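The structure appears below as structure tokens.
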Amino acid sequence: MASSPQIVAIERVIVAVADLEGARERWSRAGFAIAPGELSADGVRFLRTAAGAIEIDLAAARDESGGALASVVAATAARGGGMIGWTWGYDSPLPAESTTTVKLPGADGRNIAAQVCSPGMPAVFTASTTILGDLEARRAALGEVCGANANTVDSLEHIVVRTPVLEDAIAANEATGVPCKRIREAGHGTQQAFFKLEQTVIEVVAPAHHEVGCWGLALMCSDIRRAVDHARASGLEATEPKDAIQGGMIARIVKPLDGVAIAFMFPGPRRDT
């Protein structure tokens, strides 16, 4: 008997922006290689960059009536932009369902269909699609499309999400098929729950009563000094690398990129165990 499809990865993250060409300039200054040209589907225009095997889509709504994704992108861009969510990557084709679908750029330039998931965590948009190839194959495919990042980013270490009730977020993710790996007391009544897929951790922080939803990305670099120096040389303010709580080094771009808090990381032994 064939096994049912399983979530094995974050396939992409989606960032809503008000000005696509402005976003190209800002993310390029931060050291991200942007694929040439742009793609469009369902009333959304896309620029593409990558963190290793995970695509980062910069998305601007061309037509709010274009579909489910266009309306979310437009609403988020009107508030200044920000990461709206991600797509879950399944290891085999999903069964046909009577759910809403959205079109997204595929690795070969053709659009792919993703099934919109039921709302789980507040203000987080998720959809599901089938991934093509293993981690290294997907990394190579995106590298061909987008090129090498000047900031040396080669993977997405974690996504940070703020939510009102931690137990609800855990239940929503586990119902989807992503188990909680760990809960940490962060102090001052705050807790963090961690979910891991391949190289990427989803870090859910609660309770949050303001700025609920996706907050930031922590990106692993092969050379954090180069990442900081490139950002500064391009006119962005970036902090000096310092010891990270979980291990290794961390530095931050001080002003969020299109509403997304960006941290650069460099690996090292864990300190928070």
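A quick yes/no check of all residues on (1) under 19 Å from the mean Cα position of the chain (by Cα); (2) loosely packed, with under 15 Cβ neighbours inside 10 Å; (3) β-branched (Val, Ile, Thr):
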residue	(1), (2), (3)
198	yes, no, no
201	yes, no, yes
205	yes, no, yes
220	yes, no, no
230	no, no, no
251	yes, no, no
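Go through the residues of segment 239-260 one by one and say whether even a single one is outside any helix (DSSP H, G or I), of a type in the set (A, V, I, L, M) and over 21 Å from residue 30 (Cα atoms).
First, the residues of segment 239-260 that are outside any helix (DSSP H, G or I): 239-260.
Next, from what is left, pick out any that are of a type in the set (A, V, I, L, M): 244-245, 249-251, 253-254, 257, 260.
Now narrow it down to the ones that are over 21 Å from residue 30 (Cα atoms): 245.
Yes: segment 239-260 contains one or more residues that are outside any helix (DSSP H, G or I), of a type in the set (A, V, I, L, M) and over 21 Å from residue 30 (Cα atoms).
How many of the residues in segment 120-138 are buried (at least 21 other Cβ atoms within 10 Å of the Cβ) and either farther than 11 Å from residue 11 by Cβ or more than 16 Å from the chain's Cα centre (by Cα) (or both)?
3
Take the residues of segment 24-60 that are in a strand (DSSP E or B) and more than 18 Å from the chain's Cα centre (by Cα): which is surrounded by the fewest Cβ atoms within 10 Å (Cβ to Cβ)?
40
Which residues, counting only those in segment 104-113, are in contact (Cβ under 8 Å) with a residue 24 or more places away in the chain and within 14 Å of residue 87 (Cβ to Cβ)?
The answer is 104, 105, 107, 111.
Does residue 134 count as out of contact with any helix residue (DSSP H, G or I) (no Cβ under 7 Å at 6 or more places or on another chain), outside the structural domain of residue 203 (by TED's automatic domain parsing) and over 27 Å from residue 244 (Cβ atoms)? Break it down stepwise before answering.
On the way: out of contact with any helix residue (DSSP H, G or I) (no Cβ under 7 Å at 6 or more places or on another chain): yes; outside the structural domain of residue 203 (by TED's automatic domain parsing): yes; over 27 Å from residue 244 (Cβ atoms): yes.
Spelling it out, residue 134 is indeed out of contact with any helix residue (DSSP H, G or I) (no Cβ under 7 Å at 6 or more places or on another chain), outside the structural domain of residue 203 (by TED's automatic domain parsing) and over 27 Å from residue 244 (Cβ atoms).
Among (1) assigned to a strand (DSSP E or B); (2) not assigned by TED's automatic domain parsing to the domain that holds residue 230, there is one condition residue 215 misses while meeting the rest; what is its number?
The single condition residue 215 does not satisfy is (2).
Residue-wise test of (1) within 17 Å of residue 85 (Cα to Cα); (2) part of a strand (DSSP E or B).
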residue	(1), (2)
115	yes, yes
119	yes, no
132	no, no
136	no, no
139	no, no
151	no, no
167	no, no
185	no, yes
202	yes, yes
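Tell me yes or no: at least one residue of segment 28-39 is farther than 21 Å from residue 236 by Cα and in contact (Cβ under 8 Å) with a residue 40 or more places away in the chain.
Within segment 28-39, the subset farther than 21 Å from residue 236 by Cα is 35-39.
In the following step, the residues that additionally are in contact (Cβ under 8 Å) with a residue 40 or more places away in the chain were identified as 35, 39.
Within segment 28-39, one or more residues are farther than 21 Å from residue 236 by Cα and in contact (Cβ under 8 Å) with a residue 40 or more places away in the chain.
Scan segment 132-147 and report the pairs whose first residue is without any contact (Cβ under 8 Å) to a residue 24 or more places away in the chain and whose second residue is surrounded by 13 or more Cβ atoms within 10 Å (Cβ to Cβ), with Cβ atoms within less than 8 Å and a gap of 6+ or a chain change.
Every condition considered, the pairs that remain are 133/141.
Filter segment 7-23 down to the residues that are part of a strand (DSSP E or B) and not small (Gly, Ala, Ser) and list them by number.
At the first step, the residues of segment 7-23 found to be part of a strand (DSSP E or B) are 7-16.
7, 8, 10, 11, 12, 13, 14, 15, listed by residue number.
Of the residues that sit in segment 153-172 and are over 16 Å from the mean Cα position of the chain (by Cα), under 27 Å from residue 3 (Cβ atoms) and in contact (Cβ under 8 Å) with a residue 12 or more places away in the chain, which one is surrounded by the most Cβ atoms within 10 Å (Cβ to Cβ)?
Within segment 153-172, the first condition is being over 16 Å from the mean Cα position of the chain (by Cα), and the residues that meet it are 163-172.
Going one step further and asking which of them are under 27 Å from residue 3 (Cβ atoms), we end up with 169-172.
Still in the running and in contact (Cβ under 8 Å) with a residue 12 or more places away in the chain: 169-170, 172.
Numbers: 169: 24, 170: 20, 172: 20.
Selected residue: 169.
With the structure loaded, tell me whether residue 259 is in contact (Cβ under 8 Å) with a residue 60 or more places away in the chain and out of contact with any Cys (no Cβ under 7 Å at 6 or more places or on another chain) or whether it fails that test. Walk me through it before giving the result.
On the way: in contact (Cβ under 8 Å) with a residue 60 or more places away in the chain: yes; out of contact with any Cys (no Cβ under 7 Å at 6 or more places or on another chain): yes.
Judged against the criteria, residue 259 is a match.
Please determine whether any residue of segment 147-156 is in contact with a helix residue (DSSP H, G or I) (Cβ under 8 Å, 6 or more places away or on another chain), more than 15 Å from residue 33 (Cβ to Cβ) and of a type in the set (S, T, N, Q).
no
Looking at 80, 37 in this structure, which one is touching a Gly at 6+ places or on another chain (Cβ under 7 Å) and either at pLDDT 95 or above or not assigned by TED's automatic domain parsing to the domain that holds residue 216 (or both)?
Numbers: 37 fails: touching a Gly at 6+ places or on another chain (Cβ under 7 Å).
Result of the check over 80, 37: 80.
In the set 67, 109, which member is out of contact with any helix residue (DSSP H, G or I) (no Cβ under 9 Å at 6 or more places or on another chain), more than 23 Å from residue 200 (Cα to Cα) and at pLDDT below 95? Let's see the steps before the verdict.
Values: 109 fails: out of contact with any helix residue (DSSP H, G or I) (no Cβ under 9 Å at 6 or more places or on another chain).
Going through 67, 109 in turn, the sole match is 67.
The values are calculated or read from the model by the stated rules, or taken from the named source; none is laboratory data. Keep in mind that what you see is a predicted model, and the values were worked out from it rather than measured. FYI the Cβ positions are ideal-geometry reconstructions off the backbone, even for glycines, and counts take in every protein chain you see.
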